[in-house]
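Here's the structure we're looking at; comments come further down.
The values are calculated or read from the model by the stated rules, or taken from the named source; none is laboratory data. As the structure is a computational prediction, the values presented were derived from the model and not from experiment. Because the Cβ atoms are built from the backbone with ideal geometry, glycine has one as well, and the counts that use them run over all protein chains shown.
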Amino acid sequence: MSVDMNSQASDSNEDDFGVNSEEDEDDDGGDDEDQGDIVDYYDGVAGDMEQQGADSFDPEEYQFTCLTYSEIQKVLCKEVNSIAAILKVLPAVAKLVLVHFHWQVSQILDRYKSNSSQLLSEAQVQPSSTCRSVPTPQSLQCGVCLQLVRRDALLALPCQHSFCKTCWEQHCTVLVKDGMGVGISCMAQDCSLQMPEDFVLPLLPGEELKDKYRRYLFRDYVESHFQLQLCPGADCPIVIQVQEPRARRVQCIRCNEVFCFKCRIMYHAPTDCPTIRRWLTKCADDSETANYISAHTKDCPKCNICIEKNGGCNHMQCSKCKHDFCWMCLGDWKTHGSEYYECSRYKENPDIVNQSQQAQAREALKKYLFYFERWENHNKSLQLEAQTYQRIQEKIQERVMNNLGTWIDWQYLQNAAKLLAKCRYTLQYTYPYAYYMESGPRKKLNVRCCGRSCCHNAYDFEYQQAQLEAEIENLSWKVERADTYERGSEGELSANDRGDLENQMHIAEQRRRTLLKDFHDT
Ligand SMILES: [Zn+2]
Ligand SMILES: [Zn+2]
Ligand SMILES: [Zn+2]
Ligand SMILES: [Zn+2]
Ligand SMILES: [Zn+2]
Ligand SMILES: [Zn+2]
């Protein structure tokens, strides 16, 4: 991986990638799939789960590469030059064709073979044969300002719509100042022929505007490319490259931003891209309604003492009466192993369609709040568990400093906390999916069923969700306890406790993968 962090600033002012430059193939690592050593709690966990047999395939695995500005230029340049050579057009024209077809080179080549002039007119770089204008050779008048000018002062694209240089300059200047890169077209009415960049550049006054134009072009080239995505991190110049564009998790090696490759917002499996957008918009619109939910304290359902939640785990134990209950539904924790389903699933009133409009609106709000509360609660748990992770790390540091074992000895604790975050994140993103999911066959997922009569509904998304939720809370409970034991005089967890924790990690991760498998297979 050849990410040169220092060259970023100067690179972005660098000359536009070669119109005629013959980029040699010293592509040093641009094609490597090496993602560098990403430091993030999401990573480094997968490896630990890898040796566990047939189930070990990670449905989230996705190959991507982080490229710098100059590396991307090389990639684009190569494609531009090869298309320019085959189509026998200038590189600047080839770029417009590539943008039009989202840089799908093989598609362009197929189209070119079957009908080359149709390809060029469809990409709006050549006038279509039907509407080719007939220029009046005698005309010395600019079509915009109507001034009479010398013939050699008139400029035209291949459509032969001639205008004076001043008018072209104004046209381009206004549009580039407006943020336009690709997409500047001929000034003639009803003519949408595209202006190649080497037609536009000499018309722009001043280096500053030329630089701006080059930056907008670069942005448009990357955004139109089906295999590329700009990192959404603040001021981050990294571009992510993939082979197969999909709604998968990618992470920038420069700014550590994690996002969905397809829609560039936070990663959101198992919810799909349109659904997560809908959900986030709804949450923003209804934020006031949902605000009252953010309670940090609840009363113990048994002794009514006020309990504050300061850990991520939703399995609560009352400090006074020792009653075990669920923070979300206040139900008895004992029933949660087998009936988590009842806690995470909203039970709709089957008769609601026959009731008044107000009753339906109330029901709709109730349903939304049910899912929002769970979504929000897992988000909070993630934050609280991040604090636990921090504490664990500090403690390991302290122990290693005092010669109580090495980092390797304690790493399993760190891994458990990392894995917990990974699982909880997936769980949080099951709720928008569940909210929009319609009852009926769409809820059924193609997941493996153990075949026993007990899991008649193992094909059900909500069943999978409940199973994952139960195992995550068990893991969270154990991670928080492991953290507490550490403080005791015993010093360390017994081998038994460690085995127990590692077993729980495995179970939770398997649940997560089972749930995600269907999402990623489609
Ligand atoms: Zn003019
Ligand atoms: Zn034209
Ligand atoms: Zn970035
Ligand atoms: Zn997405
Ligand atoms: Zn109590
Ligand atoms: Zn519950």
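Cβ-Cβ distances below 6 Å connect the following pairs, each with a first residue in segment 65-86 that is free of Cβ contacts under 8 Å to residues at least 12 places away in the same chain, a second residue that is buried (at least 20 other Cβ atoms within 10 Å of the Cβ) and assigned to a helix (DSSP H, G or I), and a separation of six or more residues or different chains: A84/P91; A84/A94.
Tell me the residue from L501, L493 that is at pLDDT 90 or above and either surrounded by fewer than 23 Cβ atoms within 10 Å (Cβ to Cβ) or not assigned by TED's automatic domain parsing to the domain that holds E438 (or both), please.
L501
Number of residues in segment 376-397 that are among the charged types (D, E, K, R), in contact (Cβ under 8 Å) with a residue 24 or more places away in the chain and either closer than 11 Å to Q414 by Cα or crowded, with 20+ Cβ neighbours inside 10 Å (or both) equals 3. Against the test of being under 20 Å from Q73 (Cα atoms), within 16 Å of ligand 4 (Cβ to nearest atom) and aromatic (F, W, Y), the options F226, F218 yield a single qualifying residue, F226. Taken over segment 142-187, the residue count meeting the criterion of being in contact (Cβ under 8 Å) with a residue 40 or more places away in the chain and farther than 23 Å from L217 by Cβ is 2. For segment 193-215, filtered to residues that are touching a residue at least 40 places away in the same chain (Cβ under 8 Å) and of a type in the set (K, R), the residue that is surrounded by the most Cβ atoms within 10 Å (Cβ to Cβ) is R214. Has segment 283-290 got any residue that is away from ligand 6 (no atom under 16 Å from the Cβ) and surrounded by 15 or more Cβ atoms within 10 Å (Cβ to Cβ)? Yes; the residues of segment 283-290 include at least one that is away from ligand 6 (no atom under 16 Å from the Cβ) and surrounded by 15 or more Cβ atoms within 10 Å (Cβ to Cβ). Close contacts from segment 496-509, counting a first residue that is in a helix (DSSP H, G or I) and a second that is of a type in the set (V, I, T), with Cβ to Cβ under 6 Å and a gap of 6+ residues or different chains, come to A508/I472. Only residues that are under 32 Å from the mean Cα position of the chain (by Cα) and not small (G, A, S) were counted across segment 107-123, and they come to 6. Screening segment 134-252 for helices (runs of 4 or more DSSP H) wholly inside it with 2 or more residues that are more than 16 Å from ligand 1 (Cβ to nearest atom), of a type in the set (D, E, K, R) and not assigned by TED's automatic domain parsing to the domain that holds E71 returns the ranges 197-200, 207-224. Residues that are among the polar types (S, T, N, Q) and closer than 27 Å to V242 by Cα within segment 99-125 comprise Q104, S106, Q107, listed in sequence order.
Would you call E348 farther than 15 Å from E469 by Cα, in the same structural domain as A417 (by TED's automatic domain parsing) and either outside any helix (DSSP H, G or I) or away from ligand 4 (no atom under 16 Å from the Cβ) (or both)? Yes; evaluated as a whole, the condition is true for this residue. Out of segment 318-334, which residues are touching a helix residue (DSSP H, G or I) at 6+ places or on another chain (Cβ under 8 Å) and either under 22 Å from F461 (Cα atoms) or in contact (Cβ under 8 Å) with a residue 12 or more places away in the chain (or both)? Matches in segment 318-334: F325, C326, W327, M328, C329, G331.
Conditions tested, residue by residue: (1) away from ligand 3 (no atom under 16 Å from the Cβ); (2) surrounded by fewer than 17 Cβ atoms within 10 Å (Cβ to Cβ).
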| site | (1), (2) |
| --- | --- |
| V239 | no, no |
| R248 | yes, no |
| K302 | yes, yes |
| C318 | yes, no |
